[in-house]
1. Of Lys38/Lys93; Lys56/Lys77; Lys16/Lys93, which pairs sit farther than 21 Å apart, going by alpha carbon to alpha carbon?
2. If you keep only loop residues by DSSP, which trypsin sites (Lys or Arg not before Pro) in segment 52-136 have at most 15 other Cβ atoms within 10 Å of their Cβ?
3. I need the chymotrypsin sites (Phe, Trp or Tyr not before Pro) found in segment 1-66, filtered to DSSP loop residues with at most 12 other beta carbons within 10 Å of theirs.
4. How far, in degrees from 0 to 90, does helix 36-48 lean away from the longest principal axis of the Cα atoms of the chain, to the nearest 10?
5. Local charge sum around Phe119 (other residues, Cβ-Cβ under 9 Å, Lys/Arg +1, Asp/Glu -1)?
6. Would you mind pulling out the separation of the Cα centroids of segment 118-136 and segment 25-65, in Å?
7. With an 8 Å Cα cut-off and a minimum separation of 6 or more residues, compute the relative contact order for the chain in percent.
8. How far apart, in nanometres, would the label points at Ser68 and Asp136 be if each is projected 7 angstrom from Cα along the Cα-to-Cβ direction?
Amino acid sequence: MADFPLDRTETRENFKHFLTVPTRWSDNDQYGHVNNAKYLTFFESVIMGYLEVETKLDLEAFGVQCFSVENMCRYIKPVKYPDIVDTGLRVGKLGNSSVRYEVGMFVSGSDEISAAGYFTDVFVDRDTEQPIKIPDGIRAVLSRLVVT
């Protein structure tokens, strides 16, 4: 994936927003580490936390919905309960109707990245579910997280 630069050399400084997420005992699998599927819920939590909690953005007020069309996670170092995870967020690509959120997970107290990934969302009209241009108010909020 040449267009996906996140790897084990990523640092906290490369992300613009963080959400601290405690792992739960039920997140672990039989091998004693957080189950792979749970990582995407951490990713989703930092994205939606930024949009709905941090910026108080109301997508419904803009008449749009977001459809996730692609996601990926690269597992670099295991996370285990009771780790607390600092989940970093940035926007790697802001298109006309889509956005690629890039996420990095760091166990609190460690500078080594544990996982990296992304979600690509397409903005669609709430009624027709057809892709539309990202509304200016939403674009302004997303632009704060863009990295070059």
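1. Result: Lys38/Lys93; Lys56/Lys77 exceed 21 Å.
2. Details: sites: Lys56, Arg74, Lys80, Arg90, Lys93, Arg100, Arg126, Lys133; in loops: Lys56, Lys80, Arg126, Lys133.
Counting only loop positions with at most 15 other Cβ atoms within 10 Å, the trypsin sites (Lys or Arg not before Pro) in segment 52-136 are Lys56, Lys80, Arg126, Lys133.
3. Details: sites: Phe15, Phe18, Trp25, Tyr31, Tyr39, Phe42, Phe43, Tyr50, Phe62; in loops: Phe15, Tyr31.
Those satisfying the criteria are Tyr31.
4. So the helix axis and the longest Cα principal axis differ by about 40 degrees.
5. Values: positive: Arg100; negative: Glu44, Glu70, Glu102, Asp121.
Neighbourhood net charge equals -3.
6. Cα centroid of segment 118-136 versus Cα centroid of segment 25-65: 19 Å apart.
7. Working: 285 pairs, mean separation 44.4, N = 148.
Computed value for the chain: 30 percent relative contact order.
8. The modelled label-to-label distance comes out at 3.1 nm.
Values quoted throughout were computed directly from the atomic coordinates according to the rules given, and no laboratory measurement underlies them. Because the structure is a prediction, the values reported are computed rather than measured. Neighbour counts are summed over all protein chains in view; Cβ atoms, including those assigned to glycine, are modelled from backbone coordinates with ideal geometry.
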